[in-house]
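*Asks:* Pasting in a structure now, in structure tokens, and then I'll have a few things to ask.
Nothing in this text is a laboratory measurement; each read-out follows from the coordinates by a stated rule. Only a predicted model underlies this, so the values are computations on that prediction, with no experimental measurement involved. No Cβ is skipped: glycine too gets one built from the backbone with ideal geometry, and neighbour counts run over all protein chains shown.
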């Protein structure tokens with residue numbers, strides 16, 4: 001059975017392939033994903049690795065936690081299930097609110113002088 005690992009304190013230079021190669025030394029890797037910031041496209045400094053065998057995942061946690069990778073001591077632990085988010089499903093778009101020149105003013109209006 002596959003086991004998913006959380007990998008924290010990753011150097012920002014690490015990509016999915018480098019993460020995959022690093023964990024392959026412990027056993028077969030099903031997937032490796034560095035989490036990226038949507039706005040900047042830069043790594044958030046953590047990722048997830050899914051190991052094919054539980055024994056390989058346990059070895060990766062034991063031997064990989066605290067090991068230096070490109071100058072940073074990484075944290076490796078078993079991933080926890082994602083907690084449900086508050087407020088229901090996310091909705092896109094912008095919030096409501098008043099447009100410019102609403103009842104309280106506060107914006108530009110093309111209505112002319114008051």
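*Asks:* Being assigned to a loop (DSSP other than H, G, I, E, B) and either in contact with a helix residue (DSSP H, G or I) (Cβ under 8 Å, 6 or more places away or on another chain) or more than 18 Å from residue 12 (Cα to Cα) (or both) is the filter here, so list the residues in the range 27-80 that pass it.
*Replies:* Within the range 27-80, 27, 28, 52, 53, 74, 79, 80 qualify.
*Asks:* Ok, one more. Take the residues of the range 39-51 that are more than 12 Å from residue 5 (Cβ to Cβ) and touching a residue at least 24 places away in the same chain (Cβ under 8 Å): which is surrounded by the fewest Cβ atoms within 10 Å (Cβ to Cβ)?
*Replies:* The residue in question is 42.
*Asks:* Can you confirm whether the range 17-25 contains a residue that is within 14 Å of the chain's Cα centre (by Cα), outside any strand (DSSP E or B) and either touching a residue at least 60 places away in the same chain (Cβ under 8 Å) or over 20 Å from residue 73 (Cβ atoms) (or both)?
*Replies:* No, the range 17-25 contains no residue that is within 14 Å of the chain's Cα centre (by Cα), outside any strand (DSSP E or B) and either touching a residue at least 60 places away in the same chain (Cβ under 8 Å) or over 20 Å from residue 73 (Cβ atoms) (or both).
*Asks:* Further question on the same structure: Among the residues of the range 26-38 satisfying the criterion of being in contact (Cβ under 8 Å) with a residue 24 or more places away in the chain and loosely packed, with under 14 Cβ neighbours inside 10 Å, which is farthest from residue 6 (Cα to Cα)?
*Replies:* 28
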